[in-house]
Amino acid sequence: MTSIGGAEMVDWNLAVATATRLVRPGPEVTREEARAVVAELRRHAKASEEHVRAFTRMIPEGHEPEDTPVLVVDRAGWIRANVAGFRELLKPLLEKMQERRSGSSGGAVLGAVGGKVTGVELGMLLSFLASRVLGQYETFAPATRELPAGENGGGRLLLVAPNIVHVERELDVDPHDFRLWVSLHEETHRTQFTAVPWLRDHLQGEIQSFLSATDMDPMTVLERLREAAQALTGARPEGEEDEGGRSLVELVQTPEQREILGRLTAVMSLLEGHADYVMDGVGPQVVPSVAEIREKFQQRRAKGASRLDLALRRLLGLDAKLRQYRDGERFVRAVVDEVGMEGFNRVWTSPNTLPTKAEIAKPADWVARVHRKAE
């Protein structure tokens, strides 16, 4: 636990307990069906590894990168993994708040509010997200007995079985094809981080810099978290909007953070767009109904589930993530069309060859900077 003036800033255990208690139940399946889904997802994850490596050519032949585990989890397992990741990433921010605690005008109130309220509110947000994530390459949380990870701080691939079953039923698509299709996307993220050793440290460094640049009193952080929780529970008055429709991340930015966030946005657009591009490139060869799946999934992605879902997506910045898929995929496709897959793979050379946010929108500028300059 990180504490401020003797009061816990975040009760992480309570966050896990709250999220686990509030998360929606998964789809009804028998024990035998659940075992079959888990076994199939593990097979698809293994098959996807070969397909993605062959298509992306990111890993030279004969070279075997560090292995990272594939974990098929339920919603509670996803919650535990992400709380562990948040706990690791938020250390610099919470340490900074601890330093400011004694001089903060809201410090006494924060001590009274304590980490239990914050833990409950974080748990509420995670309960919302836990029923929506199909898979994730979890990069930062340390290994535990429940959640093993790769050696030397490597990550783990999470496939959230109940969510995958829920969506395949909702879309009314072939379940076997859909499970492989999802596995291809998530395996691409696993390949990105295992084939590019510097990527994890670079991304973590950018996130830590973003958090360290936070310039606000602790009560403001609690207030922003409370706004998101109010949106989740419907407590925000009818018709009241958050400030200009901005996301939670945008509401707490300093000028330095805006600059860092621009770089982070570009990297995430690249990673998500690349995964979509690979999924579409490999899909027609191994997923017979890929066209139907893609069309139905895109429609679902765009419309959201409800008015509350749309409002919370905006507040949490999830709409920005949807744009990352779209903009990043266009960037990857344009670059590959121009210079081929080997030429595109120069993007993984170093942090200096990553695209900027402007270059994501104008791929020709990246090609000119990285290729023509080198030539």
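The values are calculated or read from the model by the stated rules, or taken from the named source; none is laboratory data. Bear in mind that the values here come from a model prediction, so they are computed numbers and not experimental data. Cβ sites come from the backbone with ideal geometry, for glycine too, and all protein chains shown count toward neighbours.
Assess whether E168 counts as being part of a helix (DSSP H, G or I), without any contact (Cβ under 8 Å) to a residue 60 or more places away in the chain and of a type in the set (D, E).
Numbers: part of a helix (DSSP H, G or I): yes; without any contact (Cβ under 8 Å) to a residue 60 or more places away in the chain: yes; of a type in the set (D, E): yes.
Judged against the criteria, E168 is a match.
If you scan the range 171-200, which residues turn out to be assigned to a loop (DSSP other than H, G, I, E, B) and under 16 Å from V52 (Cα atoms)?
First pass over the range 171-200, keeping only residues assigned to a loop (DSSP other than H, G, I, E, B): 172-174, 196.
Selection gives V196 alone.
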Helices (runs of 4 or more DSSP H) fully within the range 204-294 counting 1 or more residues that are at pLDDT 55 or above and under 19 Å from Y325 (Cβ atoms): 248-251, 255-286
Scan of the range 129-146 for residues that are at pLDDT 80 or above and of a type in the set (D, E), ordered by number: E138
Close pairs (6 angstrom Cβ cut-off, 6 or more residues apart or separate chains): more than 13 Å from G273 (Cβ to Cβ) in the range 343-368, crowded, with 18+ Cβ neighbours inside 10 Å and acidic (D, E) anywhere: D365/E359
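Given the criterion in a helix (DSSP H, G or I), in contact with a helix residue (DSSP H, G or I) (Cβ under 9 Å, 6 or more places away or on another chain) and at pLDDT below 75, identify the matching residue among L110, L126, L122. Show your work before the answer.
Numbers: L126 fails: at pLDDT below 75; L122 fails: at pLDDT below 75.
Testing whether each residue is in a helix (DSSP H, G or I), in contact with a helix residue (DSSP H, G or I) (Cβ under 9 Å, 6 or more places away or on another chain) and at pLDDT below 75 leaves just L110.
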Members of the range 28-68 found to be surrounded by fewer than 16 Cβ atoms within 10 Å (Cβ to Cβ) and in contact with a strand residue (DSSP E or B) (Cβ under 7 Å, 6 or more places away or on another chain), listed by number: V38, R42
The range 67-104, residues that are at pLDDT 70 or above, over 20 Å from G135 (Cα atoms) and not in a helix (DSSP H, G or I): L90
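Do you know which residues across the range 129-165 are farther than 27 Å from I293 by Cβ, touching a residue at least 24 places away in the same chain (Cβ under 8 Å), assigned to a loop (DSSP other than H, G, I, E, B) and not acidic (D, E)? Reasoning before the result, please.
Taking the range 129-165 and keeping what is farther than 27 Å from I293 by Cβ, we get 140-154.
Pick out the ones that are also touching a residue at least 24 places away in the same chain (Cβ under 8 Å) and you get 140-142, 144, 146-154.
The next check asks that each one be assigned to a loop (DSSP other than H, G, I, E, B); those that pass are 140-142, 144, 146-150, 154.
Those that are farther than 27 Å from I293 by Cβ, touching a residue at least 24 places away in the same chain (Cβ under 8 Å), assigned to a loop (DSSP other than H, G, I, E, B) and not acidic (D, E): F140, A141, P142, T144, L147, P148, A149, G150, G154.
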